[in-house]
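Take a look at the structure set out below.
The values are calculated or read from the model by the stated rules, or taken from the named source; none is laboratory data. Nothing here was measured: the structure is a model prediction, and the numbers come from that model. We place every Cβ from the backbone using ideal geometry, glycine too, and count neighbours over all the protein chains shown.
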Amino acid sequence: MANMNIQDRAQYERPDLAGADRSLRVAKRRPVLVYVALAAVLLAALVYSVAWGIDGWAQGLVLGVIVVTAIGLMIAVSPNRRA
C-alpha cells in the first residue's frame, strides 16, 4: 500500500466516504423504549419456558448447538464484517 499523507488520509476518512450510518435516530424515544421493554419481557418469558422445558443433557446440548450456530450465522452475514 502506498504511503498516505495527512491530506490523503483525511479525504479517505471523510464521513461521506464511510459506510452507511446505522445509528438509530428517532424523533420520539418513547416508542423505542416501549418496544425494548416489551421485547425484554418476551425474551425473559421465552428463556424461562426453555429453562423449564429442557429435559436432560441431550436437549440442552442441542439447544446450545442451535444457539452457537445462530450466533455464527449473525457473524457471517454481518454487513460490517471484513472478508
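Couple of notes before you dig in:
Yes/no per residue for (1) outside any helix (DSSP H, G or I); (2) surrounded by 10 or more Cβ atoms within 10 Å (Cβ to Cβ); (3) modelled with pLDDT of 90 or more; (4) touching a helix residue (DSSP H, G or I) at 6+ places or on another chain (Cβ under 8 Å):
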residue: MET4; (1), (2), (3), (4): yes, yes, no, yes
residue: ALA20; (1), (2), (3), (4): yes, no, no, no
residue: SER23; (1), (2), (3), (4): yes, no, no, no
residue: VAL26; (1), (2), (3), (4): yes, no, no, yes
residue: ALA45; (1), (2), (3), (4): no, yes, yes, no
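- Test result for SER78, of a type in the set (S, T, N, Q), at pLDDT below 75 and either surrounded by 10 or more Cβ atoms within 10 Å (Cβ to Cβ) or within 17 Å of the chain's Cα centre (by Cα) (or both): no
- Every residue from the stretch 52-64 that is loosely packed, with under 10 Cβ neighbours inside 10 Å and either among the aliphatic types (A, V, I, L, M) or in contact (Cβ under 8 Å) with a residue 60 or more places away in the chain (or both): ALA58
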